[in-house]
Protein chains: 2
Amino acid sequence: MKQENKSLPPAFLDSLEKRFTGTFSLSQAVRERHGGGEGYYPPQAPDAVLFARNEADVMDAVRLCHDSLVPVIAYGAGTSVEDQLQATRGGLSIDLSGMNRILDVRPGDLDCTVEAGVTRLQLNSYLRDTGLFFPIDPGADATLGGMAATGASGTNAVRYGTMRENVLGLKAVTAAGEVIRTGTRARKSSAGYDLTRLLIGSEGTLAIITELHLRLYGIPETMRAAVCAFGDLKGAVDTVIAIIQTGIPIARIELLDDVMMQAVSQYSKLDYPASQTLFFEFHGSPRSVQEQVELSENIALEKGGRDFQWAARAEDRNRLWQARHDAAYAAKALRPGGLFWSTDVCVPISRLAECILETKEDLRKSPVPAPIVGHVGDGNFHVLFVLDPENPDELRTAKQLNERLVARAIAMDGTSTGEHGVGLAKRRALQDQFDPATLGVMRRLKEALDPAAILNPDKILFNG
Amino acid sequence: MKQENKSLPPAFLDSLEKRFTGTFSLSQAVRERHGGGEGYYPPQAPDAVLFARNEADVMDAVRLCHDSLVPVIAYGAGTSVEDQLQATRGGLSIDLSGMNRILDVRPGDLDCTVEAGVTRLQLNSYLRDTGLFFPIDPGADATLGGMAATGASGTNAVRYGTMRENVLGLKAVTAAGEVIRTGTRARKSSAGYDLTRLLIGSEGTLAIITELHLRLYGIPETMRAAVCAFGDLKGAVDTVIAIIQTGIPIARIELLDDVMMQAVSQYSKLDYPASQTLFFEFHGSPRSVQEQVELSENIALEKGGRDFQWAARAEDRNRLWQARHDAAYAAKALRPGGLFWSTDVCVPISRLAECILETKEDLRKSPVPAPIVGHVGDGNFHVLFVLDPENPDELRTAKQLNERLVARAIAMDGTSTGEHGVGLAKRRALQDQFDPATLGVMRRLKEALDPAAILNPDKILFNG
C-alpha cells in the first residue's frame, strides 16, 4: 500500500481550523482510533478527524478536501469488519457519529428518516413505543449510514431483506461537496437511475451518506425462537435448505457450528452442547407461527435434529439472540489478545451444504481456531479466524483458507462477500468474481463520480 | 425533438448487410412498428431493425453502431407505455424478442436464467409443472428484459416486490459492445457496485440487457380472491391504507374506480356494479389465508365496503384477474380509435387517499374519459386517458391533468412514475422531482457508460 500524501497541505489545515475550530482533532490517539474497524487489517490513521454535526459540516469539509485533493473517509461506529476505514493515503476522516438525530418517524407509512450517525439499536430503542422496528441487524451496533454504505444485513435478512431492500432514499454529499437526494418516500419508483442502490454498498467511495429514509415493520404479534442441535453439519444445513425450499416465511435461521457453539456457551454462560446448531425465529400471527413451527420442527427432526429448546418468552428469546449477536466476541474470547478476522461468502442455497462441508473440512486441517456462523437462510456464512498475532504463519494460513473459501463460493455461482463488503483485502476476490469488462464499468462509475479519487481511496477497486 | 442522423452511413449499412444478411430489415412497415410502444406518443421509426438471435448478434450490432455513432434502441415486446422506443435520432432497433430461450430453471434455488426476450407469460407457462411462478405482472405480456429495463412491477408487487427485488443478476451489452455480468446467483451480495440495480430502470440508456437471473416463488398452497364495492372512493382507499398499516401480507390489492369498473364490466362481460371497487388476493397456507381474509373483510366492511364476492375456484379467480389485466384494453374500448395514454405516479401510503381524491376531482371537471386503476397497496395508481385523436384540445387537457398529477405526487414525497419509467414525456417531471445536483450525477453516469450517447438517445435525460 502506498503511503502518499500523508501530511495535509498547510492551506487546507488553515481552512479546516477556520471553519471547524473545536470540532476537529489532530491528536494521534483520535486519528489512530479512526484508522480501522473491527477487522484484522492493521489500522492506518488519517491525518485529521472531523466530528461532523450536520450536513453543512460534511459539505464544507468535502469541498475543502476536493479543492486541496485531500482524501476523505466517512466514519460511523467503526465496526466494519473488512478494511473500509484504513486511511491508505492519509487525509481527513469525517466522523458522523454525532449526526445521530432521528428526524421523523411516520407510523402511517411504516417509514422513518434518520441522520447517518444513528445506530440500529438507538433507532429500535426510540421506536419501542410505536410498535414498529427496523429489522437489519449486523452483529455490532453499527450506524445506519455505515450499514447502507457496506450493504449490511444480518439475521433477519431472510425475511426482511438487506439494507438494499430497506432504504427508500438517501441524502449524500458528492466528491464535489454537493448534496444529492436519491429515491423518494414512495414504495417504488421508476424515475431515473437508481442512485439509492448505487450508493448502498459503495463503501464511501462514490459519496458520503448523510441521511436515510428507512422502511419500518410492525413488531409481529407473536415471535417464537428455538435452538436445535444436530449430530452432523449436513443435517443442519439440509434442514435450512428444506425450510427455504418449502417457502416457510422464517424470520431468522442461523447456523453455529460445534466450535462456535462451544465458544458461545462459554462466553454467554449458556448451557448448550457443543454441536452443530441452528437458531430459529418465527414471526407472525399466533396461528401462522404455530404452523411455521410445526413444519420446521418436522423438517429438522427428519434431518437428524434433536434437543429442540423453545424460547417463547421475550427474555429467553432475547438471551438467545444476544448470545448469537455476541458470537464474534465469543470467538475472540477463544484466544484473548488474538487477531480477529471474520470473512463472509454467500452461495445459492442448493450449494450451501457442499460449500460449508468443504470449508469445514479445510478448516479442520488447520491449527487456527475458526468457528463457522452464518445467516444460512440466505446462503450466507462467516468463518471467524482467531489468530495468534505473534505468529505470522497463522495469518498466512488464514489467508490461504480465505482464498480457497472465496474461490469455492465464486465457483458455486456465489459471491465473495454477502454483507461485509470489499474494503482493501477483498479487492483481489472482486477481480476473480467479475470479468474485466464488468470491473471496467465499475471503474468508470467511480471515475465519473469521483474524478480526483478523494473519496475513500483504494477501497473496492485497485487504484480507485 | 431533433431528427438528426436519420439515414444510416453507407459503410455501416454495408457492414450490417455483411454480418446480418437475412436477419435485419429496412422495410418501412417493420421500422414503423418498432418506433413506439403502447403509449400515446407518435411513433418515430428507426432506420433499420435487427432481429437478434443471440448475444453475439447484440454485441456485434452494438459494436457496429458504436464505430459509426449510430443510435441503438433495444426492443422487446413493444408494450412500454411511456415513450421508450421512439427512434428520435433514427438508428438501429435491436429486436430481442427472438432471444426467448429459458436457459435454466433451478427449483432448489428458487431461481431461473432466461434470455431477455422471454415474456412473463411464456416463463410462467413453462414453469407450470414445477410448482413455481414468477410474480411480476405488468398488464401486457412484456419481455423480461424490457420489464427489467423499465423497472416494471404490477399487481403482485405489494407482496413480492418489483423487478428491482427479483432480478439477481444480469448479462448486458455495453455501449462499446462488451458483455458484462452483474450480480451473482447468491441471494445477497456486497461485492462492488450494484450494477444490477443501476441497469434496472435505465430504459436501455446504459446497456442492453441480454440475459437475467430471476427469483421464483412456490405457488401458494391456497389463493383466494375477492371483489368488494364501496359507496365512495375514500372508503376504498382507506381500506387499502388500513390493510397495509395492519401488516396483513396481502398478495394483491387493486383499486378500480367507478369509470374503470364500468369499462371493465362492459369489456369483460362481467356483472359488477359501476362502483369504486377493490380487487383482493390472498396467498398462503389455508389457515393463514383464512386469517388474512377475516381481517381484511372486517376492515373493508368497517370502511363502507359491501357486496363481497369471493372467488376461491381457480377459474373464477383467473377470470377476475384477467378482467383486471385487461383494464387498459377495456379503457381503450370506451372510445374505439381513441388515443390511449396511461400515466402513473406513486406516493407514500398515508397520502394515497388525498392524492387519489384530488386527482379524481380534477378529472371530474374534464370532458376526457379517464378511469383510475392502481396497485394501491404500493401507493401506486394510473390514470388512463382515452383521447379523441382528432381533437388536440383533449391532448392538451390531458397533458395539464398529468402535469398536475405529477406535481401532486412529488409534493407528497412521491414519485413521478412508479413503474412506467420516464421515456421522453416524463423528462420534465424528472427535472421537477430531483434537484440539479442529483440530476447531474445521473448525467455523469450516462456519460461514463455511454460517452457517445448512442444508447436509446433522449430518454430519461434531456440530450442524454
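Every number here is computed from the coordinates shown, using simple stated rules; none is lab data. Computed from a prediction, not measured in an experiment: that's the story for all the values here. Cβ placement follows ideal geometry from the backbone for every residue including glycine, while neighbour counts extend to all protein chains displayed.
Using the Cβ-Cβ distance between A:Leu69 and B:Glu447 with R0 set to 35 Å, the FRET efficiency from 1/(1 + (r/R0)^6) comes to roughly 0.95.
Helix B:286-302 and the long axis of chain B differ in direction by around 70°, with both axes built from C-alpha atoms. When the Cα gyration tensor is reduced to axis lengths a ≥ b ≥ c, the ratio a/c is 1.5 or higher for the stretch A:270-320, and with a/b not above b/c it is classed as oblate.
A:Arg319 to A:Ala56: extension gain in nm, 0.36 nm per residue of separation minus the Cα-Cα distance?
On the way: separation 263, 0.36 × 263 = 94.68 nm, distance 4.14 nm.
Between A:Arg319 and A:Ala56, full extension yields an extra 90.5 nm.
Could you tell me how many cubic angstrom of Cα convex hull volume the stretch B:329-411 has per residue? Walk me through the numbers on the way to the answer.
Working: hull volume 6.2 nm³, N = 83.
Dividing the Cα hull volume of the stretch B:329-411 by its residues yields 75 Å³.
Taking a temperature of 25 °C and a viscosity of 0.890 mPa s, what whole-number D in µm²/s does Stokes-Einstein yield for the protein assembly as shown with Rh from Kirkwood over alpha carbon pairs?
Values: Rh = 28.6 Å.
The calculation lands on 86 µm²/s.
Averaged across B:436-448, how many Cβ atoms of other chains sit within 10 Å of each residue's Cβ atom?
Working: counts 2, 9, 12, 3, 4, 15, 6, 2, 6, 8, 2, 2, 8.
The mean count of partner-chain Cβ atoms within 10 Å per residue comes to 6.
Across peptide B:416-427, the average count of Cβ atoms from other chains found within 10 Å of a residue's Cβ is 3. Computed from phi, the 3J(HN,Hα) profile of the stretch A:278-283 under the Karplus parametrisation 6.51, -1.76, 1.60 (θ = phi - 60°) reads 10, 9, 10, 9, 10, 10 Hz, with x in place of Gly and Pro.
Take B:Phe462, push a point 7 Å out from Cα through the beta-carbon direction, and compare it with the same point in every other copy: 4.3 nm, smallest first.
The HN-Hα couplings worked out from phi for the stretch B:383-398 by the Karplus form 6.51 cos²θ - 1.76 cosθ + 1.60 (θ = phi - 60°) are 10, 9, 7, 10, 9, 6, x, 7, 10, x, 4, 5, 4, 4, 4, 4 Hz, whole numbers, x standing for Gly and Pro.
Using Cβ contacts closer than 10 Å as the measure, can you line up B:His283, B:His66, B:His420 from fewest to most?
On the way: B:His283 24, B:His66 19, B:His420 27.
Going from least to most buried by this count: B:His66, B:His283, B:His420.
Cross-link reach is defined here as a Cα-Cα straight distance under 28 Å, omitting same-chain residues fewer than 8 places apart; for A:Lys459 the lysines meeting it are A:Lys2, A:Lys6, A:Lys171, A:Lys332, A:Lys399, A:Lys426, A:Lys446, B:Lys171, B:Lys188, B:Lys446. Estimated from the Cβ-Cβ distance and a Förster radius of 56 angstrom, the FRET efficiency linking B:Gln266 and B:Lys18 is about 0.55. In terms of the Cα gyration tensor, with a ≥ b ≥ c the square roots of its eigenvalues, is the stretch A:307-369 rounded because a/c is under 1.5, prolate because a/b exceeds b/c, or oblate? Oblate is the answer for the stretch A:307-369, as a/c is 1.5 or above yet b/c matches or exceeds a/b. In terms of surrounding Cβ atoms within a 10 Å radius of their Cβ, B:Thr246, B:Thr239 rank from fewest to most as B:Thr246, B:Thr239.
Per-residue ellipticity at 222 nm for the protein assembly as shown, helices alone: DSSP H runs ≥ 4 residues times -39500 (n - 2.57), over residue total, nearest 500 deg cm²/dmol? After summing the helix terms and dividing by the residues of the protein assembly as shown, the value is -11000 deg cm²/dmol. Across the identical copies, the 7 Å label point of B:Asp388, projected outward along Cα→Cβ, sits 9.1 nm from its counterparts, in ascending order.
Other chains near A:282-294: what is the mean number of their Cβ atoms within 10 Å of each residue's Cβ?
Working: counts 0, 0, 5, 8, 1, 5, 7, 0, 1, 5, 2, 0, 0.
Rounded to a whole number, the mean comes out at 3.
Residues whose amide H comes within less than 5 Å of that of A:Asp111, counting only those at least five positions distant or on another chain, are A:Arg106, A:Leu216 (H built at 1.01 Å from N in the peptide plane).
If we hang a label 7 Å off Cα along the beta carbon direction at A:Glu447, how far is it from the matching labels on the other copies, in nm, shortest first? Here A:Glu447 shows inter-copy label distances of 1.3 nm. Counting only DSSP beta bridges with both residues in the stretch B:1-152, the antiparallel share comes to about 45 percent.
For the stretch A:102-218, taking Cα atoms only, Rg and Dmax work out to 13.2, 40 Å respectively.
Based on the Kirkwood radius over alpha-carbon pairs, what value in µm²/s does the Stokes-Einstein equation return for the translational diffusion coefficient of the stretch A:10-97 at 20 °C and 1.002 mPa s? Estimated via Stokes-Einstein, D reaches 167 µm²/s.
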